[in-house]
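The values are calculated or read from the model by the stated rules, or taken from the named source; none is laboratory data. None of these values were measured; they are calculated from a predicted model. Counting neighbours? That spans all protein chains shown, and the Cβs are built from the backbone with ideal geometry, glycine included. These accessible areas exclude ligands, DNA and RNA; they are computed on the full protein's heavy atoms, side chains included. Shrake-Rupley method; radii C 1.70, N 1.55, O 1.52, S 1.80 Å.
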Amino acid sequence: MRVRWFASLSVGILTLVACDRAPVSVSFRIYTPAPDQLQQAFWTLPDFSLTERSGRTVTRADLKGKVWVADFFYTSCPGPCPMLTSRVGELQKQLGSDDRIQLVSISSDPEKDTPQVLADYARKFGAGERWLFLTGTKAAIHDLALNGFKLPIAEDPSAAEPITHSTRLILVDQTGAIRGLYDGVGGNGVEQIMRDIRRLLESKP
């Protein structure tokens, strides 16, 4: 799957292109902090309740007080997901054992990505305990993506790549507020988000 971004400083059109599919265009806003400062909170995520690969329930309240990085993926994705997950793995290595930080990967294909499937996938990428892999109902996942993170998600079961989703890494502060969105498959997204994680840990949200 190829993802093309067309953006101005504040508003643009996101065009997601998958094999054998017509482009899906979604209006969106770019929320990337300036290089020399940590951006103020954009909006706070709504409450959610999803299931981790271990089988336990994870809510927004469980992440309160943590700086966390979220992404959307699915385990059978033939496109950018393995690269995106590898980038989160890079973050895991750089973050070390700091328990103030959480990594949160959310399945865009929850009907297939059961906790056991997620556990196998997480093991493949060497995920530790601070890297959560979440699933839930399709309605809950789509609502969280579209109305919580304000990111596009679309499904076409007849397509070679049936699910289209964002490949952004999303930085969330200790209060559950979005602080920035970063390139998850190219560029220097990992470097940028590490910079802003450190700034968040040093500041009061």
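Take region 136-157 and flag every residue that is assigned to a loop (DSSP other than H, G, I, E, B) and touching a Lys or Arg at 6+ places or on another chain (Cβ under 9 Å).
Scanning region 136-157 gives PHE149, LYS150, LEU151, ASP156.
Taking region 49-59, which residues are out of contact with any Asp or Glu (no Cβ under 8 Å at 6 or more places or on another chain) and open to solvent by less than 40 Å² (accessible area, probe 1.4 Å)?
Matches in region 49-59: LEU50, GLU52.
I need every pair where a residue in region 130-149 that is among the β-branched types (Val, Ile, Thr) has its Cβ under 7 Å from the Cβ of a residue that is in a helix (DSSP H, G or I) and open to solvent by 10 Å² or more (accessible area, probe 1.4 Å), sequence separation at least 6 or different chains.
The qualifying pairs are THR135/PRO115.
I want to confirm something. Restricting to region 130-149 and keeping residues that are β-branched (Val, Ile, Thr) and either at pLDDT below 95 or open to solvent by less than 40 Å² (accessible area, probe 1.4 Å) (or both), which single residue is farthest from MET83 (Cα to Cα)?
Here the residue is ILE141.
Pick out the one residue from ALA159, ALA119, ALA127 that is among the small types (Gly, Ala, Ser) and surrounded by 21 or more Cβ atoms within 10 Å (Cβ to Cβ).
On the way: ALA159 fails: surrounded by 21 or more Cβ atoms within 10 Å (Cβ to Cβ); ALA119 fails: surrounded by 21 or more Cβ atoms within 10 Å (Cβ to Cβ).
Answer to the check: ALA127.
Among ILE178, ILE170, which is the only one that is buried (at least 21 other Cβ atoms within 10 Å of the Cβ) and under 28 Å from ASP109 (Cβ atoms)?
Selected residue: ILE170, the only one of ILE178, ILE170 that is buried (at least 21 other Cβ atoms within 10 Å of the Cβ) and under 28 Å from ASP109 (Cβ atoms).
Conditions (1) under 21 Å from MET83 (Cα atoms); (2) over 13 Å from the mean Cα position of the chain (by Cα); (3) not small (Gly, Ala, Ser), marked per residue:
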position: ALA122; (1), (2), (3): yes, yes, no
position: LEU151; (1), (2), (3): yes, no, yes
position: GLU161; (1), (2), (3): yes, yes, yes
position: THR167; (1), (2), (3): yes, no, yes
position: ILE170; (1), (2), (3): yes, no, yes
position: ILE178; (1), (2), (3): no, no, yes
position: ASN188; (1), (2), (3): yes, yes, yes
position: GLU202; (1), (2), (3): no, yes, yes
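All but one of (1) open to solvent by 60 Å² or more (accessible area, probe 1.4 Å); (2) within 24 Å of PRO78 (Cα to Cα); (3) of a type outside the set (Phe, Trp, Tyr) hold for SER107; state the number of the condition that does not hold.
(1)
Show the residue pairs meeting these rules: Cβ distance below 6 Å; 6+ apart or different chains; first residue within region 168-193 and farther than 15 Å from PRO46 by Cα and of a type in the set (S, T, N, Q); second residue part of a strand (DSSP E or B) and at pLDDT 90 or above.
These pairs meet every condition: GLN192/TYR182.
Return a yes/no flag: does region 60-78 have any residue that is touching a residue at least 24 places away in the same chain (Cβ under 8 Å), open to solvent by 80 Å² or more (accessible area, probe 1.4 Å), part of a loop (DSSP other than H, G, I, E, B) and farther than 17 Å from GLN174 by Cβ.
Scanning region 60-78, I find at least one residue that is touching a residue at least 24 places away in the same chain (Cβ under 8 Å), open to solvent by 80 Å² or more (accessible area, probe 1.4 Å), part of a loop (DSSP other than H, G, I, E, B) and farther than 17 Å from GLN174 by Cβ, so the answer is yes.
For region 175-205, give me the residue count where each residue is touching a helix residue (DSSP H, G or I) at 6+ places or on another chain (Cβ under 9 Å) and in a helix (DSSP H, G or I).
Final tally of qualifying residues: 5.
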